[in-house]
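Below: one structure, written as structure tokens.
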Amino acid sequence: MKRRSVILFFVIPFLGVLVFFALASVLAQSDLKRRTEALVRGQLAATSGILGTTVAHFLGDGRPPEEALEAILSEEDLYFVALLDADKKVLAWSSRYEGYLPISLQEVREGASGIIDSPAGKFLSVVSALTAADGRRYLLSVGYALGGMEEMIAQSRRSSYLIGGFILLAGALFFRGLFQLQTRYVTKAREAETERMEKERFREISAFTSGVAHEIKNPLNSLALVFELLGRKVPPEAKGDVNLGKDQVRTIARIVDRFSRVVKNVLPDVKPLLLDDVVRQAAESLAAEVPEAASRLVIEPAPGVRLAGDRELLVQALLNVLKNALEASPDAPVRARGGRIGKNAGIWIRDEGPGLPADALGRVFEPFYTTKEKGMGIGLYLTKRIIEAQGGTIAVRSGDRQGTEFRIELPGA
């Protein structure tokens, strides 16, 4: 799935759901506040009427207004109370605001109610009318605290924020995982396509190489037989030329054999091995093939490191890498060292040559690709196939004038 498709079909709908949730939360809180205020207004209006009846009773008994208010001051949510006559003259009052009565005489009328903001919070002001036993009319203004309602709304708001944050976090984790899966999918798809193309190319190379090897070997065998017969019949002064022909035939035969080995399937016989034994045997094979260069090989032992692999194939693979390293740095030593990489075994082979150009780093393991004047580009390709057939990996890093290092990792034993 492309990144654009992920954004189009997943990210945008998720953001839309998040925005919808935020709007729904705001509207729900607003509706909750409106409904709660309406409910509180109705309940407190009824409570105010009951308190007014109590005050009217005491006033009818001839008690002064101050004593009449004392009967209702025990209400915990009562912030202030004021008793006014029909002309809105304050007869008595009590307030928790240190001598301050938070009412407006212009707004005091029968049945009036409203929410007042104050430093101590919000409270509801309700005005009710009452009639004493002597027929006189009064107005009772009371203020009730709305701390409980505000706390309930604040709790609802915090819950909305918490749920929204949880949804956002879950969405972020989901999309992170989705992008990781998408990235892995794209990477695996590219690797699979690369592997498919490599296998297709290998099949083409195999068919071509097998056909060429078959067509060359038959006349090559006949040519070798002719040179053998000529060696018996030619005069002594011509034997040097005949021997040179024999050598050339053997050289062609070796080249054909190397190409044939490339196209064969690598079937390793995996056994527990000591890393130092494999490196030492590869060094001995190198000394037998290139005696003058083997003295420049410096081996750093790694005692006790074990691996699982095919001894002969690994020796052949290391020999190819060592020969390339020695050819790349003819005047400097080549270092080979082993060690552990977690539970696996590692081999590092480094030369002090001029290094590989940037375009060659990605192609150094391709078949028939080489940067040398004399070379067929088979050695490193065959090495990679041998290492990978045994569950290992091989990588190369190089820099301008900084030499080249091959890193081989093989399963431990």
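No lab work stands behind these numbers, since they all come straight from the coordinates. Bear in mind the structure is a predicted one, so any value in this text is a computation, not a measurement. Backbone-built Cβ (ideal geometry, glycine too); neighbour counts: all protein chains shown.
A few points about this structure:
- Fully extending the segment from Asp277 to Asp31 would add 80.4 nm, taking 0.36 nm per residue of separation and subtracting the current Cα-Cα distance.
- Between Glu66 and Arg363, the modelled label-to-label distance comes to 10.8 nm, taking each label 7 Å out from Cα in the direction of the beta carbon.
- Cross-link pairs Lys199/Lys246; Lys33/Lys88; Lys88/Lys122 - those with Cα-Cα distance over 29 Å: Lys199/Lys246; Lys33/Lys88
- Estimated FRET transfer efficiency when R0 is 22 angstrom, pair Gln402-Tyr185 (beta carbons, to 0.05): 0.05
- Sorted from greatest to least, the principal axis extents spanned by the alpha carbons of segment 266-410 come out as 38, 29, 29 Å.
- Calculated FRET value between Arg337 and Glu195, using beta carbons and R₀ = 41 Å, to 0.05: 0.85
- Two-site label geometry, Gln155 and Val234: point separation in nm, points 7 Å out along Cα→Cβ: 11.0
- Placing R0 at 30 angstrom, the Cβ-Cβ distance between Thr54 and Ile163 gives a FRET efficiency of 0.10 after rounding to 0.05.
- Label-to-label distance for Phe20 and Arg254 is 7.6 nm, based on points extended 7 Å past Cα in the beta-carbon direction.
- Annotation for segment 321-370: trypsin sites (Lys or Arg not before Pro) lying in DSSP loop with at most 16 further Cβ atoms inside 10 Å of their Cβ are Lys343, Arg363.
- Net length available on complete extension from Ala38 to Glu312 is 89.5 nm, with 0.36 nm assigned per residue and the Cα-Cα distance removed.
- Under the criterion of Cα pairs below 8 Å and six or more residues apart, the relative contact order for segment 266-410 equals 25 percent.
- Contour minus Cα-Cα distance for Gln106 and Val226 (0.36 nm per residue): 29.9 nm
- Cβ charges +1 (Lys, Arg) and -1 (Asp, Glu), total dipole of segment 266-410, debye: 380
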